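Participant: Before I ask anything, let me first share the structure, which is written out below as structure tokens.
The values are calculated or read from the model by the stated rules, or taken from the named source; none is laboratory data. Since we're looking at a predicted model, the values are computed, not measured. Reconstructed Cβ throughout: ideal geometry from the backbone, glycine too, with neighbour counts over all protein chains shown.
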Amino acid sequence: MEILQFAFMRRAILVCVLISLMVPLMGTVIVLKRLSTMGEALSHTGLAGVAIGLAAGLNPVAVAAVVSVLASLAIEYIRKAFPKYAEIAANVVLSAGIGAAAIVSGFIKNPASFNSFLFGSIVSISPFETRLVIGLSVIVIFFSVTMYKELLFITMDEEAARLVGVPANALNIIFTVMTAVMVSVTARTVGALMISSLIVIPVACALLLARSYRQTVLYAIGFAFVFTLSGLAISVAWNLKPGGTIVLTGVLCLFILLAIRKFASKK
């Protein structure tokens, strides 16, 4: 394919593959713990960090990572205060992130630079940002593989996990911080407004087919591969925004699976 001759396209495909690996690994835990809004909360607080960075003349990705980590710690703190209503924590931080982003964005001299983080542009990702995604994906994959059993425990029954000696509190903090960094870094590629969808939709599709936790993780990775690579191909062929195309591809697939499941249940 002639388009693969271009370095930016090869970087885009590589990033798609890496995102398809690491996002479902974290997303499966997030969805099964009923914290689906956490991705959205962190992406919006990340946007506030981007706005602060652009307004102050600092690296927006670095500032977004710092702000997202602080937001993730706030989520974990609030979640402990409302153990039976975990979604409250994400919604509180989401509201704070939206408010902060709206206020600080008014001080940015070049709004176009801020808009690029809203919807992302995977085909314009720089070599440095590519290396950043590579490093982050290695850390996420290593963490998810080595802590597989512990993550399974705290996902299915956190209290039981503590009883068998799993350091649930420390693991929750590490997981939440890593999710925050992942969201802030990948927001540059698929967009801050899109990354929360990419966290949830592949896992939602996987849940329709999987019969175990392991299958859910593997199917979610498979669906993420399909969504990102096909969405990227469609966006290039039709000259569309890659982030939005990837997400809409996933949504379309989810509705198709739901329709097939409903049709099969009637037989």
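Participant: Is there any pair linking a residue in the stretch 32-43 that is within 8 Å of ALA90 (Cβ to Cβ) to one that is assigned to a loop (DSSP other than H, G, I, E, B), with Cβ under 8 Å and at least six apart or on different chains, and which?
Facilitator: Between residues of the stretch 32-43 that are within 8 Å of ALA90 (Cβ to Cβ) and residues that are assigned to a loop (DSSP other than H, G, I, E, B), the close pairs are LEU35/ALA86.
Participant: Determine if the stretch 64-87 includes at least one residue that is in contact with a Phe, Trp or Tyr (Cβ under 7 Å, 6 or more places away or on another chain), over 30 Å from SER235 (Cα atoms) and either part of a helix (DSSP H, G or I) or β-branched (Val, Ile, Thr) (or both).
Facilitator: Filtering the stretch 64-87 for residues in contact with a Phe, Trp or Tyr (Cβ under 7 Å, 6 or more places away or on another chain) gives none.
Scanning the stretch 64-87 turns up no residue that is in contact with a Phe, Trp or Tyr (Cβ under 7 Å, 6 or more places away or on another chain), over 30 Å from SER235 (Cα atoms) and either part of a helix (DSSP H, G or I) or β-branched (Val, Ile, Thr) (or both).
Participant: Please find, among GLU150, GLU76, the residue that is surrounded by 13 or more Cβ atoms within 10 Å (Cβ to Cβ), closer than 27 Å to LEU21 by Cα, touching a residue at least 40 places away in the same chain (Cβ under 8 Å) and of a type in the set (Asp, Glu).
Facilitator: Going through GLU150, GLU76 in turn, just one is surrounded by 13 or more Cβ atoms within 10 Å (Cβ to Cβ), closer than 27 Å to LEU21 by Cα, touching a residue at least 40 places away in the same chain (Cβ under 8 Å) and of a type in the set (Asp, Glu): GLU76.
Participant: Just give me the residues in the stretch 234-265 being of a type in the set (Gly, Ala, Ser), modelled with pLDDT of 90 or more and more than 26 Å from PHE117 (Cα to Cα), in sequence order.
Facilitator: ALA259 - this is the single residue of the stretch 234-265 that is of a type in the set (Gly, Ala, Ser), modelled with pLDDT of 90 or more and more than 26 Å from PHE117 (Cα to Cα).
Participant: Please state which one of VAL67, VAL63, VAL23 is among the hydrophobic types (A, V, I, L, M, F, W, C), under 21 Å from PRO111 (Cα atoms), modelled with pLDDT of 90 or more and under 16 Å from the mean Cα position of the chain (by Cα).
Facilitator: Values: VAL63 fails: under 16 Å from the mean Cα position of the chain (by Cα); VAL23 fails: under 21 Å from PRO111 (Cα atoms).
Just a single option satisfies the conditions, and that option is VAL67.
Participant: When you go through ALA237, ALA210 one by one, which is the residue that is assigned to a helix (DSSP H, G or I) and of a type in the set (A, V, I, L, M)?
Facilitator: Values: ALA210 fails: assigned to a helix (DSSP H, G or I).
So the residue among ALA237, ALA210 that is assigned to a helix (DSSP H, G or I) and of a type in the set (A, V, I, L, M) is ALA237.
Participant: Within the stretch 53-80, count every residue that is of a type in the set (Ser, Thr, Tyr) and over 15 Å from GLU40 (Cα atoms).
Facilitator: The first filter runs over the stretch 53-80 and keeps only residues of a type in the set (Ser, Thr, Tyr), leaving 68, 72, 77.
If we keep only those that are over 15 Å from GLU40 (Cα atoms) as well, we get 77.
Counting residues in the stretch 53-80 that are of a type in the set (Ser, Thr, Tyr) and over 15 Å from GLU40 (Cα atoms) gives 1.
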